[in-house]
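To start, the structure under review is shown below, and the notes come after it.
The values are calculated or read from the model by the stated rules, or taken from the named source; none is laboratory data. Computed from a predicted model, the values in this text were never measured in an experiment. Cβ: placed from backbone, ideal geometry, glycine included. Neighbour counts: every protein chain shown.
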Amino acid sequence: MCGIVGLFLKDPKLEGELGAMLASMLCVMTDRGPDSAGFAVYGSGAKDKVKLSLRATASYDFEALAAGLSLPAAGLPGLVVRGTHAIVEIPAARETAVRAFLVERHPEVAIVGTGERMEIFKEVGLPASVAETFGLPSMRGTHGIGHTRMATESAVTTAGAHPFSTGADQCLVHNGSLSNHNALRRALKREGITIETDNDSEVAAGYLTWRMKQGASLGEALDAGLKDLDGFFTFVVGTENGFGVLRDPIACKPAVMAETDQYVAFGSEYRALVDLPGIAKARVFEPEPATVYFWERAQ
Amino acid sequence: MNAISPDITFDLADTALRELNAALHAATGESNARRWRVLNPNGRHAVAVGINAPLTVEIEGHVGYYCAGMNAEASVIIHGNAGVGLAENMMSGFVHVRGDASQAAGATGHGGLLVIDGNASARCGISMKGIDIVVKGSVGHMSAFMGQSGSLVVLGDAGEALGDSLYEAKLFVRGSVKSLGADCIEKEMRDEHKVLLAEKLKAAGLEGTVDVAAFKRYGSARQLYNFHVDNASAY
C-alpha cells in the first residue's frame, strides 16, 4: 500500500491555498502510508534561476553552505531552510558547477531535486508531522503532488521516501511494487544513471530519466515503462506545467480523479478529495489502466 | 398505518460509521423503521455492510470500499459513485449505484441484484456465484472472471478478457467486447436466453427501453473446468 495525492489548479485564485489543500489530502492518506511522506510543490520561480532542493541532517548549517556558494558578482544565493531541507536558488548558468561542488565538497548533503519552480520535501514519519515540519499548509503554488509510504521493497528511510526526481522540474511518486527493479537498476547503472537506494520506485524514476535522456518525451517514457516495468504501479509525475498519471495494465493500485472548473485532483482513494472546494459537484472518475494522462496548463 | 415508515437519518459528518453499521445490524425490519438515510459518506469504507434485514438504505454521496458488502434482503441505493468491492459477496436484496462503480463490483456475490447506472471498472462480477448484475455503462477488463453462476448484463462495452476461466455465469453484452478470456465464447442467443435477459432487464427497471435482440451472449466453452480423462496425466 501507499497513498498518492495530486492537485493541479486551474483557478489562480486558489494558489495561496495549494499547500493547505495538499496537506489536508496528504493527511487523509495516512492509513495507506504511515512510514514516511513527501511532496513536491511548484511555486514561484525565475527564468534565469534554478532551485536546488537539498536535504541534510537535523540542524545542519545550510547558511554556511550557502555562503560557500556565493560569488563576488552574484552575492549569496537565495536560501530558505525548512527542517532538514533547504531550497537554494542560484543562477541557472551556475547549476553544473554548483552540483559538482556539492558532490565533491559536501557529500553530507543530498540533492533531492532541481528546477525552476519545483521544491521537494520528504521525511520519515506520519504525514501530518512531515507536512507540519516543512510548513506545507502555508505554501503557495500552481500544483503539487504528494505521497504517503507504506514500505514494501526497501527500508523506511528518508532516502526511500517519495517523490523521486526524474529531471529538472520533474518528479515521480509511486504506489505499488516493481518485481524487476534489481535487474533494471543494474542495467540503468551501466547506462550511467545514478541510483542511490534499494528502493524500487527510485528505479522507476531513474528509468524515466534514462528514457528522456535518450530523447523520449515524458509521455513516451511512461508509455515505454508499460513494457519494461514489471509489477504493480500507479504513478503520478509532477511536471513544470502540471501532472501526469499512469496505471499498470492490470490496474492493481487504486486511482480516483476529480475535476471542476477550479482544479484537477488525484487521490488513491476518494476520501483524500472530500475536503476540496466544490467536490460534491466535481466530475469524479477513475483513470483507465495502461493509459497515460496529463493535466497541464498551456505553455 | 405501518406502511408509512419514518425515516432514520445518520449524518456521518457527526456520527461514527460504526454506530450506523451497528444500528443497521440491530434492525430487524419488522418495526416501522425500515427507511434509512445516510448523509455525508465522504468516501468512507464499509458503509452499510452486513445488513441482514429488509431495510431500505439511501446513501447521499460517494462511498469508499465494500459498500453494502455481504448484503442480505436490504435495498441499498447510493446516490454517487462507489469504490472497490461494491456489494461484495451479496447474498440477496438489491444494491443500486447511481454513478460509477470501481473494481470488483459484485465480487463473489451469491444472490440479489446489483444495478450500476454508470460504468464499472475492472473485474466486475469476479467469481460471481449467483448474483445478477446489470451495468448500464461499460465494464473493465477481466469482468466475470471465474464466474460460476448468475448473470452479468452490460449495456455498453466490455474490456479485455471478458469471462476468463468462466464456469456457468451467463454474460450478455450489447456493445463491443475488447477480447474474450480463456474458455469464454460467444454463444447462440436462443429464445430462452432472450426471456432470461428480458427478466433481468425488467428487474433493473429497464423493461421496454432496451431491445434484447441487440445483445450477444457469452458463456463457457466448458473445456477448462471439466475433467477430461485424456488429460489425466497432466494432473
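Against the test of being assigned to a loop (DSSP other than H, G, I, E, B) and among the hydrophobic types (A, V, I, L, M, F, W, C), the options B:LEU166, B:LEU114 yield a single qualifying residue, B:LEU166. When restricted to residues that are away from every other protein chain (no Cβ under 14 Å) and not aliphatic (A, V, I, L, M), the stretch B:46-81 contains 9. Among all positions in the stretch A:60-70, there is at least one residue which is under 21 Å from A:THR133 (Cβ atoms) and surrounded by fewer than 16 Cβ atoms within 10 Å (Cβ to Cβ). Within the stretch A:270-285, the set of residues being among the basic types (Lys, Arg) and within 7 Å of another protein chain (Cβ to nearest Cβ) comprises just one member, A:ARG271. Scanning the stretch B:173-186 for residues that are closer than 20 Å to B:GLN223 by Cα and either touching a helix residue (DSSP H, G or I) at 6+ places or on another chain (Cβ under 8 Å) or assigned to a helix (DSSP H, G or I) (or both) yields nothing. When A:GLY267 is tested against (1) away from chain B (no Cβ under 13 Å); (2) farther than 26 Å from A:ALA224 by Cβ; (3) touching a residue at least 40 places away in the same chain (Cβ under 8 Å), exactly one condition is not met: (1).
Looking at B:ALA104, B:ALA87, which one is among the small types (Gly, Ala, Ser) and either in contact with a His (Cβ under 7 Å, 6 or more places away or on another chain) or within 14 Å of another protein chain (Cβ to nearest Cβ) (or both)? On inspection, the qualifying residue turns out to be B:ALA104. In this structure, is A:PHE266 within 19 Å of the chain's Cα centre (by Cα), aromatic (Phe, Trp, Tyr) and within 18 Å of A:GLY176 (Cα to Cα)? It is true that A:PHE266 is within 19 Å of the chain's Cα centre (by Cα), aromatic (Phe, Trp, Tyr) and within 18 Å of A:GLY176 (Cα to Cα).
Quick one: in the stretch A:48-59, of everything that is touching a residue at least 40 places away in the same chain (Cβ under 8 Å) and either crowded, with 19+ Cβ neighbours inside 10 Å or small (Gly, Ala, Ser) (or both), which residue is farthest from A:PRO107 (Cα to Cα)?
Filtering the stretch A:48-59 for residues that are touching a residue at least 40 places away in the same chain (Cβ under 8 Å) and either crowded, with 19+ Cβ neighbours inside 10 Å or small (Gly, Ala, Ser) (or both), the one farthest from A:PRO107 (Cα to Cα) comes out as A:VAL50.
Just to check your reading of the model, which residue among B:GLY137, B:GLY219, B:GLY205, B:GLY130 is under 19 Å from the mean Cα position of the chain (by Cα), in a loop (DSSP other than H, G, I, E, B), modelled with pLDDT of 95 or more and surrounded by 16 or more Cβ atoms within 10 Å (Cβ to Cβ)? Answer to the check: B:GLY137.
If you filter the stretch B:140-156 down to residues that are polar (S, T, N, Q) and in a loop (DSSP other than H, G, I, E, B), you find that the one that is nearest to the other protein chains (Cβ to nearest Cβ) is B:SER143.
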